[in-house]
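The values are calculated or read from the model by the stated rules, or taken from the named source; none is laboratory data. Keep in mind the model is a prediction, meaning the values are calculated, not measured. With ideal geometry, Cβ positions are generated from the backbone for all residues, glycine too; neighbour counts draw on all protein chains shown.
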Amino acid sequence: MDASSGPVRPAGWRLAGASSVYLRAAAEQGIDWYPWGSEPFELARRTGRPVLLDIGASWCHWCHVMDETTYSDAEVGRLIRQHFVAVKVDRDQHPEIDRRYQRQVGALTGEGGWPLTGFLNPQGELFLGGTYFPPDDAHGRPGLRRVLKEVARLWKDEPERIRENAEAIQASLRRMREHRTPAATDLIRFVDGVRSELESGYDPVNAGFGTAPKFPHPTAIAFLLWDAFANGAETSGEHARETLLAMAHGGLYDQVGGGFHRYSVDDGWHIPHFEKMGIDNAELLGAYVEGIRRFGEPRFEQVARGILGWADAVLGDPDGGWGASQDADNAPGDDGGYFTWTKAELRAALDADAYRLVTRAFGVGTDGRMPHEPERNVLFRWLPPDQAAEGLALPQGPEATLRQALATLREVRSRRPAPAVDPALYASINGRFVGAFARAGAVLADPEVTAGARRAADRWLARAHDPDRGVAHRLGPSGAAGYGLLEDQVEFARGLLELAEACSEPRYLDAAIGLLTLVDREYRGEDGLLRDVAPRLYDGPPIGGIAEPSYPLEDSPHLSGNAAAALAFVRAGDLLHDARWVEKARALLVPIASRVGGAGLFAAGSALAAGLLSVEPASVVVEGVGAGARDLLRVARRSPRPRLSVFAGRPPPPFSFPADVPVEAEGTSPRALVCFGTACAPPVTDPAELATTLAGTRAP
């Protein structure tokens, strides 16, 4: 049934029962929205109308602004109903659709992001597009009223121009896809080039990379940590440590509730864009755990536990797994009100000395003031607690007083209207969390953290995993859906590999190898690169250019699908002691380097995978029980060595070890068996000696 027949229904009735929070929120608008699918494109063909496409997400501030103003405008609604077929897409629910139209709008305008606004022909080809449009001309942007009138005129009066635009965009995409950088196909030169780009793009004043808006780049940090170990590059280690500290001290990190916001709007990490993304926090958790292994920095452990606590408390699903995101806003027109503080609010919550300590320690009234509302402050670490406490009477001491004050502020903040949470379960996000929780549980020696990773993995494997199709993108009350996406397979495989090591559990390793085998078979495309969608496995409608190959190669800033696959291949090869998987990684990295050789910061994940090939894999098996065994296990799991696998006891097949690994003796006292590549060292019983042994950088 289309909008012109049958009983009269409210305009947004098709979205009212959607599984997506973002779509349901638009059901009250006076626009006859369709969810993504074949129906609106068939209607566009029958009626001869163009398609208006809106792509956004529940966490997106400007998506809310456009919904609350532009799409709630009566004249905008009238023009859309009269001239267009309107389609609304949740980018988290359909990343494959978002990816294609982001690339098309980027090819046309040079910009992208959310909300994404596109005008399509009935075949799903974009001919005009942009991002945010106010209802009327404002802020240097054309109003959507004017844009809608002009597009309707062009569609009617200049169809040739419409066709030329669509063809030009497709030609531009083909040129981008065919681009090669032959000089970068040598992996050593590729890694050197990325290192040089990271050094030149590093911010020596505020740490991190580039200028405002400043995003965390966890893959770049991981690359620098590899470089510091493998090549003794002190500068790389310093840049990684300084960046981790700057982000931890800044307003980007929620000093009260834990977890990281999306990005910083200023160079100094003071004022964030307030949405909190599951994908960001999973990858940053991994980065801070690696920081703990490299530097032993207490602040990094505090931040890692803050991310763990926020993820479980805010995104955690009682049946296992984690939701997608937490919104930036708690009401229309809000911008960070839940997360920020006035001096009056702080004074009302705390006693006099705690108030003084907090305002000094967190720079209240300085660089964290909100530009649109200067009396509100983002808390960021301005002074160390001992300096902030000068002249104050704090019987418990500065650190304890500050911890108690933050607990008080958490309790006060919990009574505010909280930003909404999108509880949707996505495999790509959950795979990242499974891996980060498993690694964090091992490094922090916290079995409850590891148990959280197990609950999530078990739920997905039981309800959203098919050996022939892989893992589904979405898991909800009605079951699993969205098969055939590369990112889901490789990120869930990476998570399972970390969990398999942490638990010495063969079934997680078997499932991971099954996913990677599927990736190797079903997702191959040009030059052996991996497509983002497997044609045989994809269960969505074949519209919107979905059949066209698309290759996720650049970190954005999250690890790209191809880089993630290369890293997973290396990890699988190490756990199985099977060089064939490592060679698959090498073979994949050569064409990746030819495509992204000049991408610098956005090729850090691929450069990390290439760099890991220069480090010999190592395995540690800790035998015995008691305090001695725990000490050896702690040292091994906190070693900064890349390509290191650590096991509490010898795990069963398919885990594999070199043939000359010493045989366990009856009643063995605590000892560590250390193997590099295919050769094993004599057993080690002293934790300090184990640390020294693992610190060696033997190249393969």
Check: Of these, Ala440, Ala456, which one is crowded, with 19+ Cβ neighbours inside 10 Å, among the aliphatic types (A, V, I, L, M) and touching a Phe, Trp or Tyr at 6+ places or on another chain (Cβ under 8 Å)?
Finding: Ala456
Notebook entry, point to check: Any chance the range 439-448 includes a residue that's among the aliphatic types (A, V, I, L, M), more than 28 Å from Asp555 (Cβ to Cβ) and out of contact with any Lys or Arg (no Cβ under 7 Å at 6 or more places or on another chain)?
Noted result: no
Next item on the list: Hand me the list of helices (runs of 4 or more DSSP H) wholly inside the range 15-99 holding 3 or more residues that are in the same structural domain as Ala480 (by TED's automatic domain parsing) and touching a Ser or Thr at 6+ places or on another chain (Cβ under 6 Å).
Entry: none
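Residues in the range 551-561: is at least one among the aromatic types (Phe, Trp, Tyr), assigned by TED's automatic domain parsing to the domain that holds Leu530 and closer than 29 Å to Asp510 by Cβ? Don't jump to the end; show me each part of the working.
From the range 551-561, those among the aromatic types (Phe, Trp, Tyr) are 551; that's our starting set.
Narrowing the set further to residues that are assigned by TED's automatic domain parsing to the domain that holds Leu530 leaves 551.
Narrowing the set further to residues that are closer than 29 Å to Asp510 by Cβ leaves 551.
Yes: the range 551-561 contains one or more residues that are among the aromatic types (Phe, Trp, Tyr), assigned by TED's automatic domain parsing to the domain that holds Leu530 and closer than 29 Å to Asp510 by Cβ.
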Notebook entry, point to check: Out of the residues in the range 584-628 that are more than 22 Å from the chain's Cα centre (by Cα) and among the hydroxyl-bearing types (Ser, Thr, Tyr), which is farthest from Phe655 (Cα to Cα)?
Noted result: Ser594
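Count, please, the residues in the range 17-34 that happen to be surrounded by fewer than 19 Cβ atoms within 10 Å (Cβ to Cβ) and at pLDDT 95 or above.
Taking the range 17-34 as the starting set, the residues that turn out to be surrounded by fewer than 19 Cβ atoms within 10 Å (Cβ to Cβ) are 17, 19, 24, 27-28, 30.
With at pLDDT 95 or above added as a condition, the list becomes 24.
Matching residues across the range 17-34 total 1.
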Margin query: Tell me the residue from Thr211, Thr235 that is farther than 18 Å from Leu612 by Cα, of a type outside the set (Lys, Arg), free of Cβ contacts under 8 Å to residues at least 40 places away in the same chain and surrounded by fewer than 18 Cβ atoms within 10 Å (Cβ to Cβ), please.
Written below: Thr235
Checklist line | Count of residues meeting criterion [surrounded by fewer than 18 Cβ atoms within 10 Å (Cβ to Cβ), of a type in the set (A, V, I, L, M, F, W, C) and either outside any loop (DSSP other than H, G, I, E, B) or touching a residue at least 60 places away in the same chain (Cβ under 8 Å) (or both)] in the range 610-636 | finding: 1
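Matching residues to (1) among the hydroxyl-bearing types (Ser, Thr, Tyr); (2) closer than 18 Å to Ala304 by Cβ; (3) under 16 Å from the mean Cα position of the chain (by Cα):
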residue: Ala420; (1), (2), (3): no, no, no
residue: Ala424; (1), (2), (3): no, no, yes
residue: Arg432; (1), (2), (3): no, yes, yes
residue: Ala438; (1), (2), (3): no, yes, no
residue: Leu475; (1), (2), (3): no, no, no
Margin query: Just to be sure before I move on: is Arg305 over 22 Å from Trp322 (Cβ atoms), among the basic types (Lys, Arg) and in contact (Cβ under 8 Å) with a residue 24 or more places away in the chain in the structure I sent?
Written below: no
Margin query: For the range 338-362, which positions are surrounded by fewer than 18 Cβ atoms within 10 Å (Cβ to Cβ) and part of a loop (DSSP other than H, G, I, E, B)?
Written below: Thr342, Asp351
Note to self: For the range 537-588, which positions are more than 16 Å from Gly611 (Cα to Cα) and among the basic types (Lys, Arg)?
What the structure shows: Arg580
Next item on the list: Output the number of the condition that Ala184 fails; it satisfies all remaining conditions of (1) assigned to a helix (DSSP H, G or I); (2) at pLDDT 95 or above.
Entry: (2)
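What are the residues in the range 374-397 that are within 18 Å of Asp335 (Cα to Cα) and free of Cβ contacts under 8 Å to residues at least 24 places away in the same chain, if any? Before the answer, list the steps.
Within the range 374-397, the subset within 18 Å of Asp335 (Cα to Cα) is 374-380.
Across the range 374-397, the qualifying residue is only Pro374.
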Next item on the list: Output the residue which, of all residues in the range 534-566 that are aliphatic (A, V, I, L, M) and crowded, with 22+ Cβ neighbours inside 10 Å, is nearest to Arg474 (Cα to Cα).
Entry: Ala534
